[in-house]
Amino acid sequence: SHKKIVIPGAVAVLKGKLEDESGWEVIVGPREAAGIPKFAKEQFA
């Protein structure tokens, strides 16, 4: 199981808390959420 989530860089400060509370690996992506689809294609293809 791949428990990963990509969050926008603008909320990177939440990474540690999200990982602690969810148990998921949190990956900080581009600053704006709109860039996440392109980021995901490049990172996970």
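Some observations on this one:
- If you check Pro30, Pro37 for being at pLDDT 95 or above, in a loop (DSSP other than H, G, I, E, B) and not aliphatic (A, V, I, L, M), only one passes: Pro30.
Okay, residues lined up against (1) among the hydrophobic types (A, V, I, L, M, F, W, C); (2) surrounded by 12 or more Cβ atoms within 10 Å (Cβ to Cβ):
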{"residue": "Ile5", "(1), (2)": "yes, yes"}
{"residue": "Gly16", "(1), (2)": "no, no"}
{"residue": "Glu19", "(1), (2)": "no, yes"}
{"residue": "Ser22", "(1), (2)": "no, no"}
{"residue": "Val26", "(1), (2)": "yes, yes"}
{"residue": "Gly29", "(1), (2)": "no, yes"}
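The values are calculated or read from the model by the stated rules, or taken from the named source; none is laboratory data. None of the values given here were measured: they were computed from a predicted structure. Every residue, glycine among them, receives a Cβ derived from its backbone with ideal geometry; neighbour counts consider all protein chains shown.
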